[in-house]
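The values are calculated or read from the model by the stated rules, or taken from the named source; none is laboratory data. This is a predicted model, so every value here is computed, not measured. Positions of Cβ are generated from backbone atoms using ideal geometry, with glycine treated the same way; all protein chains shown enter the neighbour counts.
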Amino acid sequence: MSDQIKSVRGMPAILPGEVKKWQFVEAVAKNVLHAYSYNEIRTPVVERSELFQRTIGENTDIVAKEMYTFIDRNDQSLSLRPEATAGIIRAGIDQGFFYNQTQKLWSIGPMYRYERPQKGRYRQFHQINMEAFGFPGPDIDFEMILLTGRIWKALNLSPLQLELNSLGSPESRKEYKRQLQDYFHDHQKELDEDSLRRLDRNPLRILDSKNPDLQEIIESAPKMVDFLDQESNEHFEELMAMLQDHAIEYSLNTRLVRGLDYYTRTVFEWTTDQLGAQATVCGGGRYDALVAELGGKPTSAIGCAIGLERLIELVDVSGQNEQNNPSKIYIVAVGSKAEGERFLLAEELREAYPNLSIEMNLNGGHFKQQFKRADKAGADIALILGDDEISKQTVGVKPMRSEGHQETVDRKELLSIIDQFL
């Protein structure tokens, strides 16, 4: 016998019981996105590597260490997408739907990064992304925060914490980077290996270090808010005023820089204390220069991504997954006539009650065996067809999850009264 082929490390299958949770969360998020007039876009999983090098930044950990990159048969370098924004912008420029237009777009799907797998962080992971183009003012920043907050509310989650910062314009950030480099060079002997590697290439990422030995040094580092240009400062002040006017709590996190080079001005994260080390459930910000950098016309833009693995885990620990499963009916049928009738009954139920899950016995067996299968399948009620029910044009109804007793109802009345048993 040949050796069993194992799954790729960090790329687990999502099994049927878990998929129900995913479908529940995805449906809630899609309803909220529709309420805010966002339209779905679907982009390829594979893009030219150059796209991510130019957008994310060649000196970021994502591009330098984490991308899945390969050479295809035409000798061009391709990569599995590590994030969604670059591909959406590439598609928008290709199809010309940014220039002199506003667009609100959302997407969902897998992303790929070669990281050390751990709980809440996988090499294949899934995101819901939302992107808005052509809105220069802080009102779209505020609306995106409202939108994501609405998703948490719709899922009935305990409050997440909103963290906020501004990275200013590319010009003001250059000056800030110089100041950071000077500061951290003065503390070079105290930096760890990762921070030393980032010092000259991307000193902002040192601020994101989780090394406890560096926290005092990082806390005393220069703050980006002190280097904001006037326009960025006004934008940020307006956004904070909107949050305060609508009583939305937030904390100013001057160390929040996100992991991508393309961010400008507003950056934000929604975090939780219920998932251990993987605290960030959603993050994003503005990237007003990115469309032009990829060859399009200058276009204001903002986006964010929700990590689905973490959001679903948060739904789990919050005890909300009892909402995931629709009521289920299992059809028990014994006898040749009953086995023929079960298909007619199942299709009638599916037509009348499209939100119910209808399953029927397909493996033969006597009544006791079939009731065991109905119980194992998680049925709320079992509908019983046998020789006696067929001759009398009735159906037996047996509650599987409650204390009710089995009843016999007229076959013609079943569809009109099925709700009573659920």
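Being closer than 16 Å to V334 by Cα, assigned to a strand (DSSP E or B) and touching a Ser or Thr at 6+ places or on another chain (Cβ under 8 Å) narrows it down to one residue among V409, V397; which is it?
Details: V409 fails: closer than 16 Å to V334 by Cα.
The conditions single out V397.
Taking the range 45-75, which residues are buried (at least 21 other Cβ atoms within 10 Å of the Cβ) and within 17 Å of A289 (Cβ to Cβ)?
Correct list: F52, T55, I56, T60.
Which of the following residues is outside the structural domain of S49 (by TED's automatic domain parsing) and crowded, with 18+ Cβ neighbours inside 10 Å: F371, F367? It would help to see each step written out before you state the result.
Details: F367 fails: crowded, with 18+ Cβ neighbours inside 10 Å.
Result: F371 is the single residue among F371, F367 that is outside the structural domain of S49 (by TED's automatic domain parsing) and crowded, with 18+ Cβ neighbours inside 10 Å.
Could you check, for the range 236-249, whether at least one of its residues is of a type in the set (F, W, Y) and at pLDDT below 90? Can you show your working first?
Start the filter on the range 236-249 by keeping residues that are of a type in the set (F, W, Y), which leaves 236.
Narrowing further to those that are at pLDDT below 90: none.
Scanning the range 236-249 turns up no residue that is of a type in the set (F, W, Y) and at pLDDT below 90.
Quick check, is P298 surrounded by fewer than 19 Cβ atoms within 10 Å (Cβ to Cβ), assigned by TED's automatic domain parsing to the domain that holds H235 and at negative phi?
On the way: surrounded by fewer than 19 Cβ atoms within 10 Å (Cβ to Cβ): yes; assigned by TED's automatic domain parsing to the domain that holds H235: yes; at negative phi: yes.
Judged against the criteria, P298 is a match.
Could you please let me know if R42 is basic (K, R), loosely packed, with under 13 Cβ neighbours inside 10 Å and free of Cβ contacts under 8 Å to residues at least 40 places away in the same chain? Talk me through it step by step, then tell me what you get.
Details: basic (K, R): yes; loosely packed, with under 13 Cβ neighbours inside 10 Å: yes; free of Cβ contacts under 8 Å to residues at least 40 places away in the same chain: no.
For R42, the condition - basic (K, R), loosely packed, with under 13 Cβ neighbours inside 10 Å and free of Cβ contacts under 8 Å to residues at least 40 places away in the same chain - is not met.
State the number of residues belonging to the range 184-226 that are among the acidic types (D, E) and farther than 28 Å from E237 by Cα.
Adding up the residues that qualify gives 7.
Confirm whether K210 is modelled with pLDDT under 90, more than 23 Å from P117 (Cα to Cα) and either surrounded by fewer than 20 Cβ atoms within 10 Å (Cβ to Cβ) or under 29 Å from the mean Cα position of the chain (by Cα) (or both).
Working: modelled with pLDDT under 90: yes; more than 23 Å from P117 (Cα to Cα): no; either surrounded by fewer than 20 Cβ atoms within 10 Å (Cβ to Cβ) or under 29 Å from the mean Cα position of the chain (by Cα) (or both): yes.
In short, no.
Residue pairs, Cβ under 6 Å, 6 or more apart or interchain, first in the range 343-355 and touching a residue at least 12 places away in the same chain (Cβ under 8 Å), second surrounded by fewer than 17 Cβ atoms within 10 Å (Cβ to Cβ) and in a helix (DSSP H, G or I). List them.
The qualifying pairs are A352/L415.
How many residues does the range 215-255 contain that are part of a loop (DSSP other than H, G, I, E, B) and either touching a helix residue (DSSP H, G or I) at 6+ places or on another chain (Cβ under 8 Å) or surrounded by fewer than 13 Cβ atoms within 10 Å (Cβ to Cβ) (or both)? Quick ask: steps written out before the conclusion?
Our first condition is that a residue be part of a loop (DSSP other than H, G, I, E, B); within the range 215-255, this holds for 220-223, 228-229, 246-250, 253-255.
Checking the rest, the ones that are also either touching a helix residue (DSSP H, G or I) at 6+ places or on another chain (Cβ under 8 Å) or surrounded by fewer than 13 Cβ atoms within 10 Å (Cβ to Cβ) (or both) come to 220-222, 228-229, 246-250, 254-255.
Total satisfying the criteria: 12.
Being among the basic types (K, R) and assigned by TED's automatic domain parsing to the domain that holds P44 is the requirement here; does K119 meet it? Please lay out each step first, then the result.
Details: among the basic types (K, R): yes; assigned by TED's automatic domain parsing to the domain that holds P44: yes.
Against the criterion (among the basic types (K, R) and assigned by TED's automatic domain parsing to the domain that holds P44), K119 qualifies.
Looking for whichever is touching a residue at least 12 places away in the same chain (Cβ under 8 Å) and in contact with a Cys (Cβ under 8 Å, 6 or more places away or on another chain) here; the options are T85, T148, T102. Which one fits?
Details: T85 fails: in contact with a Cys (Cβ under 8 Å, 6 or more places away or on another chain); T102 fails: in contact with a Cys (Cβ under 8 Å, 6 or more places away or on another chain).
Just one listed residue meets the conditions, T148.
Within the group K30, K20, which residue is surrounded by fewer than 17 Cβ atoms within 10 Å (Cβ to Cβ), within 19 Å of the chain's Cα centre (by Cα), assigned to a helix (DSSP H, G or I) and modelled with pLDDT of 95 or more? First the steps, then the outcome.
Working: K20 fails: modelled with pLDDT of 95 or more.
Step by step, each of K30, K20 is checked, and only K30 is surrounded by fewer than 17 Cβ atoms within 10 Å (Cβ to Cβ), within 19 Å of the chain's Cα centre (by Cα), assigned to a helix (DSSP H, G or I) and modelled with pLDDT of 95 or more.
Of the residues L78, L105, L164, only one is of a type outside the set (S, T, N, Q), surrounded by 21 or more Cβ atoms within 10 Å (Cβ to Cβ) and in contact with an Asp or Glu (Cβ under 8 Å, 6 or more places away or on another chain); which?
Details: L78 fails: surrounded by 21 or more Cβ atoms within 10 Å (Cβ to Cβ); L164 fails: in contact with an Asp or Glu (Cβ under 8 Å, 6 or more places away or on another chain).
Sole residue among the options that is of a type outside the set (S, T, N, Q), surrounded by 21 or more Cβ atoms within 10 Å (Cβ to Cβ) and in contact with an Asp or Glu (Cβ under 8 Å, 6 or more places away or on another chain): L105.
Being within 41 Å of the chain's Cα centre (by Cα), at pLDDT below 90 and within 21 Å of L344 (Cβ to Cβ) is the filter here; which residues of the range 378-421 pass it?
Within the range 378-421, L415, S416, I417, I418, D419, F421 meet the criteria.
Name every residue in the range 199-214 that is over 18 Å from N253 (Cβ atoms) and either assigned to a loop (DSSP other than H, G, I, E, B) or in contact with a Phe, Trp or Tyr (Cβ under 9 Å, 6 or more places away or on another chain) (or both), in order of residue number.
Quick first cut of the range 199-214, residues over 18 Å from N253 (Cβ atoms) only: 199-202, 213.
Of everything in the range 199-214, those that are over 18 Å from N253 (Cβ atoms) and either assigned to a loop (DSSP other than H, G, I, E, B) or in contact with a Phe, Trp or Tyr (Cβ under 9 Å, 6 or more places away or on another chain) (or both) turn out to be L199, D200, R201, N202.
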